[in-house]
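Peer 1: Take this structure first; my questions come after.
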Amino acid sequence: TLTTVARDTQVFDLINQELHRQESGIELIASENFTSKQVMEAAGSVLTNKYAEGLPGKRYYGGCEVVDEIEQLAIDRIKELFGATWANVQPHSGAQANTAVFLACLNPGDKIMGFNLAHGGHLTHGSPVNISGKYFQPIFYGVEPESGLIDWDKVEETALRERPKLLICGASAYSRDWDYVRLRAIADQIGALLMADISHPAGLIAKGLLNDPLEHCHIVTTTTHKTLRGPRGGLIMLRNDFENPFGIKTQKGQLRTMSSLLDSGVFPGTQGGPLEHIIAAKAIAFGEALSEEYYNYAVQVKKNAQAMAKAFVEKGYKIISDGTDNHLMLIDLRSKDLTGKLAENTLIKADITINKNMVPFDDKSPMVTSGMRVGTAAMTTRGLLETDMERIVELIDTVLMHHDNDAKLATVKQEVNDWMKQHPLYS
Ligand code: PLP
């Protein structure tokens with residue numbers, strides 16, 4: 001029986017090593033965060049045992065009364081958080097959410113237009129190595145070489161010329177806000193659907209600290225584990241549901257709503273049974289995000305990013321677009337004669353985790369890169385404030401300026417470890 005199963009110490013020893021790594025280092029990967037203990041408790045619960053294909057109240061399996069209530073809670077809370085009228089919380093990840101939208105809205109070969117991966121976009125917005133670029137015809141817009149900003153006139157020009165069926169906004173490494181009003185006006189001129197992928201800044205948007213995409217975009221997707229601080233996962237939302245423009249009808253001959261096409265795009269379109277343990281963890285995270293405490297957190301994430309950007313600039317680092325409106329920034333290391341690869345590999349020796357990143361118009365390969373991306377979501381969860389961001393930049397600069405001095409790196413690592421002990425994570 002289960003009571004006699006031997007504990008797998010091999011795996012649990014490794015999990016403990018990972019806990020130690022997370023607790024003792026400075027985490028600056030912009031797409032990461034630390035969830036609460038209760039979020040992890042739900043993610044590790046008995047709900048992992050349950051099959052629940054379908055939606056609350058409409059399942060293909062018996063015994064779903066309890067998970068129905070849990071999933072409905074997650075739906076209700078995310079709707080309240082974003083002022084949405086409809087949500088599907090089942091996508092296993094951000095990539096799954098986007099793929100479900102494509103399946104619901106596009107036919108193979110249709111044209112899609114997204115933000116260039118090499119300028120900070122995401123793989124799922126038309127990259128040739130992703131299903132979005134393999135099954136559909138992708139075209140891209142990017143940033144301007146001088147300003148590092150998106151020129152909306154150029155986006156319009158490209159969209160009018162290419163006439164994509166789906167226009168995608170949102171990014172993985174763009175530190176500025178998006179003009180959703182303008183994007184919707186562009187989409188309307190060509191009868192395109194407008195989708196916003198807010199995976200990165202979702203938490204800041206939820207608390208009104210950035211422009212609201214739900215008012216203007218037909219469809220909004222997001223991950224749940226970045227600024228939103230939930231378990232790893234994805235979801236799709238609508239503020240205003242509408243009849244699909246593709247003429248797809250119900251058995252009774254009525255035009256199907258966009259929400260029903262999106263539900264089908266998730267299941268059975270691209271997924272099987274939902275992960276109800278993760279959906280419970282999502283419900284908890286959304287409940288946390290509804291709190292005043294989380295609002296203060298989101299405000300601090302933004303303040304910290306601005307303090308960090310200022311500190312980098314003062315040390316002579318070049319930030320793409322010269323600053324940030326959200327939780328992240330992209331730093332061009334060429335002015336310091338460094339590569340992203342060297343920065344990532346050296347900083348990790350001092351227990352500071354960042355990721356190397358292509359910068360717009362990069363002359364180096366994706367495995368080397370000229371830039372690094374940093375974000376403040378995780379360290380703000382640990383309770384760090386603006387002056388701490390200045391200290392982090394000081395430490396990063398020391399490491400990068402002494403990248404071949406192992407003794408110096410060891411000293412910084414010790415300082416990082418001692419400092420992080422003062423900001424306990426889970427213990
Ligand atoms: N969309 C954007 C903009 C992202 O930044 C990411 C993740 O980095 C994703 C989608 C994919 O999310 P996931 O890794 O959960 O599939």
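The values are calculated or read from the model by the stated rules, or taken from the named source; none is laboratory data. Since the structure is predicted, the reported quantities are computational estimates derived from the model, not experimental observations. As a convention, Cβ positions derive from the backbone with ideal geometry for all residues, glycine included, and neighbour counts pool all protein chains shown.
Peer 1: For Asp197, which of the numbered conditions (1) within 22 Å of Asp363 (Cβ to Cβ); (2) in contact (Cβ under 8 Å) with a residue 60 or more places away in the chain; (3) in contact with a Ser or Thr (Cβ under 6 Å, 6 or more places away or on another chain) fails to hold?
Peer 2: Asp197 satisfies all of (1) within 22 Å of Asp363 (Cβ to Cβ); (2) in contact (Cβ under 8 Å) with a residue 60 or more places away in the chain; (3) in contact with a Ser or Thr (Cβ under 6 Å, 6 or more places away or on another chain) except (1).
Peer 1: Also: Within the bounds of region 379-395, is there any residue that is more than 29 Å from Ala298 (Cβ to Cβ), in contact (Cβ under 8 Å) with a residue 24 or more places away in the chain and either surrounded by fewer than 22 Cβ atoms within 10 Å (Cβ to Cβ) or in contact with a strand residue (DSSP E or B) (Cβ under 6 Å, 6 or more places away or on another chain) (or both)?
Peer 2: no
Peer 1: What pairs come up if the first residue lies in region 103-129 and is within 13 Å of Ile168 (Cβ to Cβ), the second is away from the ligand (no atom under 15 Å from the Cβ) and at pLDDT below 95, and their beta carbons are under 6 Å apart, counting only those six or more places apart or on different chains?
Peer 2: none
Peer 1: Which one of these is farther than 20 Å from Ile198 by Cβ and either surrounded by fewer than 17 Cβ atoms within 10 Å (Cβ to Cβ) or of a type in the set (S, T, N, Q) (or both): Glu71, Glu65? Outline the logic, then answer.
Peer 2: Details: Glu71 fails: either surrounded by fewer than 17 Cβ atoms within 10 Å (Cβ to Cβ) or of a type in the set (S, T, N, Q) (or both).
After ruling out the rest, the residue left standing is Glu65.
Listed here are the residues, each with its yes/no results for (1) of a type in the set (A, V, I, L, M, F, W, C); (2) under 12 Å from Ile26 (Cβ atoms); (3) part of a helix (DSSP H, G or I).
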position: Pro360; (1), (2), (3): no, no, no
position: Val368; (1), (2), (3): yes, no, no
position: Arg373; (1), (2), (3): no, no, no
position: Arg391; (1), (2), (3): no, yes, yes
position: His403; (1), (2), (3): no, no, no
position: Ala407; (1), (2), (3): yes, no, yes
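Peer 1: Please identify the pairs in which a residue from region 1-23 that is at negative phi has its Cβ atom under 8 Å from the Cβ atom of a residue that is outside any loop (DSSP other than H, G, I, E, B), counting only partners at least 6 apart or on another chain.
Peer 2: Close Cβ pairs satisfying both conditions: Glu23/Met420.
Peer 1: Would you check if Ile354 is buried (at least 18 other Cβ atoms within 10 Å of the Cβ), within 18 Å of His402 (Cα to Cα) and of a type outside the set (S, T, N, Q)?
Peer 2: Details: buried (at least 18 other Cβ atoms within 10 Å of the Cβ): yes; within 18 Å of His402 (Cα to Cα): yes; of a type outside the set (S, T, N, Q): yes.
Judged against the criteria, Ile354 is a match.
Peer 1: So, one more: Which of (1) assigned to a strand (DSSP E or B); (2) farther than 22 Å from Ile392 by Cβ is the odd one out, the single condition Leu330 does not satisfy?
Peer 2: (2)
Peer 1: Answer yes or no: is there a residue in region 246-266 that is outside any loop (DSSP other than H, G, I, E, B), without any contact (Cβ under 8 Å) to a residue 12 or more places away in the chain and more than 16 Å from the ligand (Cβ to nearest atom).
Peer 2: Keep residues of region 246-266 that are outside any loop (DSSP other than H, G, I, E, B), which gives 249, 255, 257-266.
So of that shortlist, the ones also without any contact (Cβ under 8 Å) to a residue 12 or more places away in the chain come out as 249, 260.
Going one step further and asking which of them are more than 16 Å from the ligand (Cβ to nearest atom), we end up with 249, 260.
There is at least one residue in region 246-266 that is outside any loop (DSSP other than H, G, I, E, B), without any contact (Cβ under 8 Å) to a residue 12 or more places away in the chain and more than 16 Å from the ligand (Cβ to nearest atom).
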